[in-house]
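The values are calculated or read from the model by the stated rules, or taken from the named source; none is laboratory data. No experiment lies behind these values; they were computed from the predicted model shown. As a convention, Cβ positions derive from the backbone with ideal geometry for all residues, glycine included, and neighbour counts pool all protein chains shown. In case anyone asks, the SASA skips ligands and DNA or RNA and just uses the protein heavy atoms, side chains included. Shrake-Rupley method; radii C 1.70, N 1.55, O 1.52, S 1.80 Å.
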Amino acid sequence: TGEFVKLTDPLLLELGSGLKRGDILLKDGHTAIAIDTDDHADTFPIKIVNCSYSRVRSGPGVEYGTISAISCGEILHAIGSALDEDGDKWYRVIYNGQTGYTSAVYAKPLSTATVTWDVWLRKRAGANNDPIIVIPEGTPDCYLTGATQKVSLTVWRECIYGGHRGWASGKYVKL
């Protein structure tokens, strides 16, 4: 769905007692991933870069089978990382409901934004477009995709926040 769900999702809290690492839950349009947060404290969105496409593989290394091909520019949710036999880093990801690995050579973590004022995340760039959700000032969970648009002298930044992807004014959302 392209949505990112915090590990504090109510679905995990509701059903958490019987879960084991790697379980994927679907309920009421939400996806929650059960992981051991001590082992995977580095949960974050990543963007596929430096290629026309990359692969999601069944394990961390080129010797593992391909689950899917993913296009350059696509954003995935990393739920950890691992090293292959040669010491190369691979991100553990969820893609189309499957857990797999993609090479860190072709993926980069999204930057965290500094939010200097409560600001609307909107469906499209521009103050007159439909609002999705408010990003609170000072939140640590707003990620920048790197895309920008200029509308009426204001730079808008594409962001991911609270499971939503949209646009926020660059006046209040900064690198």
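Quick one: is Gly146 without any contact (Cβ under 8 Å) to a residue 24 or more places away in the chain, under 22 Å from Thr43 (Cβ atoms) and not hydrophobic (A, V, I, L, M, F, W, C)? Taking the combined requirement at face value, the residue does not satisfy it.
Taking the conditions exactly as written (surrounded by 15 or more Cβ atoms within 10 Å (Cβ to Cβ), modelled with pLDDT of 95 or more and in contact with a Ser or Thr (Cβ under 7 Å, 6 or more places away or on another chain)), does Val93 satisfy them or not? No; evaluated as a whole, the condition is false for this residue. Across the stretch 124-169, the number of residues qualifying as of a type in the set (Gly, Ala, Ser) and open to solvent by less than 30 Å² (accessible area, probe 1.4 Å) comes to 6. Here Lys108 fulfils each of the conditions (1) out of contact with any Cys (no Cβ under 9 Å at 6 or more places or on another chain); (2) not in a strand (DSSP E or B) apart from (2).
The residue that is farthest from the chain's Cα centre (by Cα), among those in the stretch 50-79 that are small (Gly, Ala, Ser) and farther than 13 Å from Ala104 by Cβ, is Gly65. Inside the stretch 125-166, residues that are in a strand (DSSP E or B) and more than 15 Å from the chain's Cα centre (by Cα) make up a count of 13.
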